[in-house]
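All remarks here apply to the structure that follows.
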Amino acid sequence: MTTSSGISPIAVERFVAAERELFLSRNPKSVALAERARHSLYGGVPMHWMADWSTPVPLFVERAKGARFFDVDGHEYIDFCLGDTGTMFGHSPDPVARALAEQANNGLTTMLPGEDAVVCGELLAQRFGLPYWQVTATATDSNRYVLRWARAITGRKTLLVFDGCYHGTVDDVMVRYRDDQTVHRSGLVGQAYDLTEYSRAIPFNDVEALEAALAQGDVCALLCEPAMTNIGMVLPDPGFMQKCRELTRQYGSLLIIDETHTISTDIGGCTRLWGLDPDFFVVGKPIAGGVPCGIFGCSTAMAEAMTQARQRASEESHGHGHSGMGTTLSANALAMHCMRANLEQVMTQAAYDHMLPLAARLAEGFRRLIGKHGLKWSVTELGARCEFQFCATPPRTGAEAEAAFHDELQMALHLYLINRGILITPFHNMTLCCPSTTAEDVDKLIAMLDQALSELLAIPG
Ligand code: PMP
């Protein structure tokens, strides 16, 4: 029997059993650290989801540089995961490493701005076209604060998102669309209040659902990625994002574009490439070269509306209330110095000129393999990012992308690659090329995946 992925579950089971054994025998030091970690770290890892990879115990990393990292057992890996975009421009880029060293002895956080902050504001305005900027600690924080501003500005409470989205651990986005209803995302822990009261989820690429949701008149903002990247990749239909802009404007809702992942498309993100003109624009993860940092930008009209919203709020709080936005370490001196180095020297047009053709080469290689092995899979490409998915045609909605998930197969292939020195993004099949990735690295991934598929398909199912 085969599944919709075209591969028999029994074959996958046999294949993965051998790979798990191989991992355990190849990685005695990771195994020993995992055993030791179980006594002090909950779940044996510093963050519980780090135990959710395809490996039988976590792979412990010793060091990373450029497109490569080394595990504690001395194996070298080509990294196509790149910290799930956190280190999209390579691990420890030299200018960021220098910036870290420069700032290390000059104060890490003071609650006050320095010249770096001004330079970053100017660089961000030039690059992304929005005039005003704020700096946070993570993309999650940026989204949370922008949502607060959107509600304050519009006086409306409902947030609109696309089914299958992810924008960080912001409570309000943890909803799905099921049977024409907004429901809680499965897997949420400790959710006390009903998220569906002020959040609405609709399918991506569905103009009719979008208009119907906005027409209710209660939507403060549509928060979206310009292409979905967290449920597998889902590209917008031609003109869909433009429609999002047009309809949000028509119904008095704001448009927030979260480019935390899609910044891999172009130096100005999809926003600049596709002329999207959002009210707010968010990026996190790689913006300071891997040092925790998030940003959000806004239009002049939004900046004015934010000032008015603050004035209204401070009348009620006698001028010394909490805005609900903060985190003490936001815009700390270390992050600002690293963001400046990253914007000036790392996240350059030359970097994109290197990354984009490599991702295209990778996508082409995936297509070749799919053809060679007669699989009904597809490939989705967006800038420096591409993904193979277990469905015959690229998905158009989050639900379609999710229907193509085959977790056991995905984990089996990932583990096979890890055992042969290649890492791709966990939980789906996304790959990123960075400025240090080479054509040989790309070809090695294709060759190893080819080998994996040949071995897997030869197992009687
Ligand atoms: N926005 C998007 C589009 C993301 O993919 C993510 C994380 N995967 C976030 C926001 C949140 O980033 P962080 O976890 O760094 O806060």
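The values are calculated or read from the model by the stated rules, or taken from the named source; none is laboratory data. Values in this document were obtained by computation on a predicted structure and should not be read as measured data. As a convention, Cβ positions derive from the backbone with ideal geometry for all residues, glycine included, and neighbour counts pool all protein chains shown.
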Trp53: within 16 Å of the ligand (Cβ to nearest atom), part of a loop (DSSP other than H, G, I, E, B) and more than 20 Å from Glu259 (Cβ to Cβ), yes or no?
-> yes
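Residue-wise test of (1) buried (at least 22 other Cβ atoms within 10 Å of the Cβ); (2) of a type in the set (Ser, Thr, Tyr).
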residue: Asn205; (1), (2): no, no
residue: Leu222; (1), (2): yes, no
residue: Glu225; (1), (2): yes, no
residue: Val234; (1), (2): yes, no
residue: Arg249; (1), (2): no, no
residue: Ser253; (1), (2): yes, yes
residue: Ile257; (1), (2): yes, no
Within the range 48-85, which residues are surrounded by fewer than 16 Cβ atoms within 10 Å (Cβ to Cβ), in contact with an Asp or Glu (Cβ under 7 Å, 6 or more places away or on another chain) and hydrophobic (A, V, I, L, M, F, W, C)?
-> Val61, Phe70
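Could you tell me which of the residues Val31, Val16, Val72 is touching a helix residue (DSSP H, G or I) at 6+ places or on another chain (Cβ under 9 Å) and within 20 Å of Gln451 (Cβ to Cβ)?
Numbers: Val31 fails: within 20 Å of Gln451 (Cβ to Cβ); Val72 fails: within 20 Å of Gln451 (Cβ to Cβ).
The conditions single out Val16.
One line per residue, one yes/no per condition, for (1) within 16 Å of the ligand (Cβ to nearest atom); (2) not basic (Lys, Arg):
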{"position": "Thr136", "(1), (2)": "yes, yes"}
{"position": "Arg148", "(1), (2)": "yes, no"}
{"position": "Ile153", "(1), (2)": "no, yes"}
{"position": "Leu159", "(1), (2)": "yes, yes"}
{"position": "Tyr166", "(1), (2)": "yes, yes"}
{"position": "Met174", "(1), (2)": "yes, yes"}
{"position": "Arg185", "(1), (2)": "yes, no"}
{"position": "Gln191", "(1), (2)": "no, yes"}
{"position": "Asp194", "(1), (2)": "no, yes"}
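May I ask you to list the residues in the range 287-308 that are under 12 Å from Ala137 (Cα atoms) and either part of a loop (DSSP other than H, G, I, E, B) or not aliphatic (A, V, I, L, M) (or both)?
Of everything in the range 287-308, those that are under 12 Å from Ala137 (Cα atoms) and either part of a loop (DSSP other than H, G, I, E, B) or not aliphatic (A, V, I, L, M) (or both) turn out to be Gly290, Val291, Pro292, Cys293, Gly294, Phe296.
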Kindly provide the set of residues from the range 203-219 that are at positive phi and either assigned to a strand (DSSP E or B) or touching an Asp or Glu at 6+ places or on another chain (Cβ under 8 Å) (or both), ordered by number.
-> Asn205
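Looking only at residues in the range 157-175 that are free of Cβ contacts under 8 Å to residues at least 60 places away in the same chain and either surrounded by fewer than 23 Cβ atoms within 10 Å (Cβ to Cβ) or assigned to a loop (DSSP other than H, G, I, E, B) (or both), which one is nearest to the chain's Cα centre (by Cα)?
Within the range 157-175, the subset free of Cβ contacts under 8 Å to residues at least 60 places away in the same chain is 169-175.
If we keep only those that are either surrounded by fewer than 23 Cβ atoms within 10 Å (Cβ to Cβ) or assigned to a loop (DSSP other than H, G, I, E, B) (or both) as well, we get 169-172, 174.
Details: Thr169: 12, Val170: 14, Asp171: 17, Asp172: 17, Met174: 15 Å.
Selected residue: Thr169.
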Restricting the first residue to the range 93-113 and requiring it to be on the phi > 0 side of the Ramachandran plot, which pairs with a second residue that is surrounded by 13 or more Cβ atoms within 10 Å (Cβ to Cβ) and not in a loop (DSSP other than H, G, I, E, B) meet a Cβ separation below 8 Å and a spacing of at least six or different chains?
-> Gly107/Ala333
Going by the structure shown, is Thr182 free of Cβ contacts under 8 Å to residues at least 60 places away in the same chain and part of a loop (DSSP other than H, G, I, E, B)?
-> no
Subset of the range 264-298 [in contact with a strand residue (DSSP E or B) (Cβ under 8 Å, 6 or more places away or on another chain), more than 12 Å from the ligand (Cβ to nearest atom) and small (Gly, Ala, Ser)] | Gly297
For helices (runs of 4 or more DSSP H) lying entirely in the range 352-461, having 3 or more residues that are closer than 20 Å to Ile78 by Cβ picks out 407-418, 439-458
Selection from the range 422-461 of residues that are surrounded by fewer than 16 Cβ atoms within 10 Å (Cβ to Cβ) and either modelled with pLDDT of 95 or more or of a type in the set (A, V, I, L, M) (or both) = Thr438, Ala439, Glu440, Asp443, Ala447, Asp450, Gln451, Ser454, Glu455, Ala458, Ile459
So Arg200, is it in contact with a helix residue (DSSP H, G or I) (Cβ under 9 Å, 6 or more places away or on another chain), part of a strand (DSSP E or B) and closer than 22 Å to Glu259 by Cα | yes
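Just checking, does the range 90-104 include any residue being of a type in the set (D, E, K, R) and touching a Pro at 6+ places or on another chain (Cβ under 9 Å)?
No, the conditions are met nowhere in the range 90-104.
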Given the residues Glu115, Glu122, which is the only one that is of a type in the set (Asp, Glu) and either at pLDDT below 95 or more than 14 Å from Ala331 (Cβ to Cβ) (or both)?
-> Glu122
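Restricting to the range 242-263, name every residue that is acidic (Asp, Glu) and more than 13 Å from the ligand (Cβ to nearest atom).
Scanning the range 242-263 gives a single hit, Glu246.
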Selected residue (only one of Ser30, Ser54, Ser4, Ser25 is modelled with pLDDT under 95 and hydroxyl-bearing (Ser, Thr, Tyr)) | Ser4
Just give me the residues in the range 71-120 being in contact with a Leu (Cβ under 8 Å, 6 or more places away or on another chain) and charged (D, E, K, R), in sequence order.
-> Asp71, Asp79
